[in-house]
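*Asks:* To start, I am sharing the structure in question, which I have written as structure tokens.
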């Protein structure tokens, strides 16, 4: 016997009427017995059995909560000892459930079901037992604006009225204040008193929502003098974001990543995508080939995987020197003869990165050359930093400035200038260089 196990106070008998009618007895050694509650074999947990009816349960499964709320479903789910139907896939991992074992099921819509271990993951469940707790009036999907008149709204983020417009002209110098991306043709809300603009889809984003990536509700906020790092794509953003309402939780994602839902309709793939992979896995994105700690979406019909950084890139976008929309392409679609029209460099060969292409004009552009490495940093915004402030600027000068870290001219559409005592101390082509500069 292990010394640690010998010192533990282990009950030999457990009475838990919620899980089983009879008293359960400790099985005194490790064994490959399938738990009747979770349906798994787990030798790391103590196993209890019922000699009367051949019931088996892990020590931690005996005390699982009866009713919980998880991030993957909009209703509460409750434990059921066996499923009333034969074949159903888990709403978390998308694998089939065995109807002979326990699961969490939605009693409100009868269509959602999840494995016990999947539903109780720390990134899925908030840790609260809700049995006997009255259902509160849910505030999810509350509108972020007050409708003043037909086509006129007052958004929580702006003091002026915003007017609905249908833009038919591309303007590369106008950006949505919510997502910081360029304003293309489409439906917009525009302030006539200043340059505040919102895409209609961004204006419609609810003030509060539950997102499948996080177990707690999220609230839409915007920073006027700060930035944040999105926990899904790990980009730096000064635009709108959703922050966890739990004061002890610092989780935050940008408004673009927050707009994703299951199933996710990614235009670059023929099948719907899901968040079905175990968070302990480090899968490789099939577009950028990265295995970094970024959230990923995966296809359950084939092995396609895409990280949030690539999945949330605009699939179609305008370029000021082309009259057509450019379409996002996978890196393995590039040929040896393709080159970027802006930097005149070769496109990534071997599928390491994606790129943008106009099918009609054969125009090809690197992602960073078109959008920059910081597409969610709002141009014109100033942020306080140690001993000064930083200013995000358009790189539209006659002569492109030199980056103080790279020692080359800034190739991207935006750059960062550090200002101290009203003077520019240095220039950076990317916000990623800020930490490098501070450490010097």
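*Asks:* Taking 7 Å along the Cα-to-C-beta vector as the label spot, tell me the residue 53-residue 160 distance in nanometres, rounded to one decimal.
*Replies:* 7.0
*Asks:* Bin all alpha-carbon pair distances of segment 1-133 at 10 Å intervals from 0 and give each bin's fraction as a whole percent.
*Replies:* Calculated P(r), rounded to whole percents: 12, 41, 33, 13, 2.
*Asks:* Report the paramagnetic label zone for residue 12: residues of segment 34-49 whose backbone N is under 19 Å from a point 7 Å from Cα along the Cα-to-Cβ axis.
*Replies:* What the label zone holds, given the 19 Å backbone N cut-off, is 46-49.
*Asks:* OK, next. Can you give the translational diffusion coefficient of segment 208-258 in µm²/s, computed by Stokes-Einstein from the Kirkwood radius over Cα pairs at 25 °C and 0.890 mPa s? All intermediate terms of the calculation are to be shown ahead of the outcome.
*Replies:* Details: Rh = 10.7 Å.
Approximately 229 µm²/s, per Stokes-Einstein.
*Asks:* Next up: Could you tell me the distance between the Cα centroids of segment 287-322 and segment 152-198, to the nearest Å?
*Replies:* Answer, in whole Å: 26.
*Asks:* Rounded, prolate or oblate: which one fits segment 146-203, using the alpha carbon gyration tensor with axes a ≥ b ≥ c (rounded when a/c is under 1.5, else prolate when a/b beats b/c, else oblate)? List each step's numbers first, then the result.
*Replies:* Working: a/c = 1.85, a/b = 1.50, b/c = 1.24.
It comes out prolate by the Cα gyration axes.
*Asks:* Here is a further query. Mind listing P(r) for segment 214-339? All alpha-carbon pairs, 5 Å bins, whole percents.
*Replies:* Cα pair-distance distribution for segment 214-339, in percent: 2, 10, 17, 19, 19, 15, 10, 5, 2, 1, 0.
*Asks:* Taking each pair of different alpha-carbon atoms in segment 99-182 once, compute 1/r for the pair, average those values, and report the inverse of that mean as the Kirkwood hydrodynamic radius in Å to one decimal. Don't skip to the answer; put the middle values down first.
*Replies:* Working: mean 1/r = 0.0548 Å⁻¹.
Computed over Cα pairs of segment 99-182, the Kirkwood hydrodynamic radius comes out at 18.3 Å.
*Asks:* Kirkwood hydrodynamic radius (Cα pairs, Å) of segment 382-439? Each step should come with its number before you reach the end.
*Replies:* Details: mean 1/r = 0.0875 Å⁻¹.
Value: 11.4 Å, from the Cα pair sum.
*Asks:* Between residue 247 and residue 407, what FRET efficiency comes out of the Förster formula 1/(1 + (r/R0)^6) with R0 = 41 Å and r the beta carbon distance, rounded to 0.05?
*Replies:* 0.40
*Asks:* Continuing with this model, one more query. Can you give the Kirkwood hydrodynamic radius for the chain, in Å, rounded to one decimal and based on Cα pairs?
*Replies:* Working: mean 1/r = 0.0397 Å⁻¹.
About 25.2 Å, per the Kirkwood formula over Cα pairs.
*Asks:* Highest GNM mean-square fluctuation, the chain, Cα pairs closer than 10 Å: which of 21, 204, 265?
*Replies:* Of 21, 204, 265, the Gaussian network model singles out 21 as fluctuating most.
*Asks:* Right, something else. Would you mind telling me which residue in 310, 176, 362 has the biggest mean-square fluctuation in a Gaussian network model of the chain, where springs connect alpha carbons within a distance under 10 angstrom?
*Replies:* So, out of 310, 176, 362, the one fluctuating most is 362.
*Asks:* What shape does segment 161-245 take by its C-alpha gyration tensor, where a ≥ b ≥ c are the square roots of the eigenvalues and a/c under 1.5 counts as rounded, a/b above b/c as prolate, and the rest as oblate? Provide the component values of the computation, followed by the final result.
*Replies:* Details: a/c = 2.08, a/b = 1.81, b/c = 1.15.
Prolate, since a/c reaches 1.5 and a/b exceeds b/c.
*Asks:* Under 10 Å, Cα contacts only: if you run a Gaussian network model on the chain, which one of 184, 42, 387 comes out with the highest mean-square fluctuation?
*Replies:* Maximum fluctuation in the GNM of the chain, among the listed residues, is at 387.
*Asks:* Going by how many other Cβ atoms sit within 10 Å of their own, how do 47, 34 line up, fewest first? Let's see the in-between values first.
*Replies:* Details: 47 23, 34 16.
Fewest to most other Cβ atoms nearby, the residues stand as 34, 47.
*Asks:* So what is the 222 nm mean residue ellipticity for the chain from helices alone, if each DSSP H run of at least 4 adds -39500 (n - 2.57) and you divide by all residues, rounding to the nearest 500 deg cm²/dmol? Could you put the intermediate results ahead of the total?
*Replies:* Details: 7 runs with 33 residues, N = 440.
The helix contribution divided over the chain gives -1500 deg cm²/dmol.
*Asks:* Set the Förster radius R0 to 22 Å, insert the Cβ-Cβ distance between residue 22 and residue 129 as r into 1/(1 + (r/R0)^6), and round the FRET efficiency to 0.05.
*Replies:* Details: r = 24 Å, r/R0 = 1.07.
Result of the calculation: an efficiency of 0.40.
*Asks:* I've got another one for you. Using r as the Cβ-Cβ distance of residue 81 and residue 399, and R0 as 60 Å, what FRET efficiency do you calculate, to the nearest 0.05? Walk me through the numbers before you get to the answer.
*Replies:* Working: r = 73 Å, r/R0 = 1.21.
Step by step, r from the Cβ atoms, then E = 0.25.
Throughout, read-outs are computed from the coordinates displayed, never taken from laboratory work. This is a predicted model, so every value here is computed, not measured. A quick note on method: Cβ atoms are made from the backbone with ideal geometry, for glycine too, and the neighbour counts reach across all protein chains shown.
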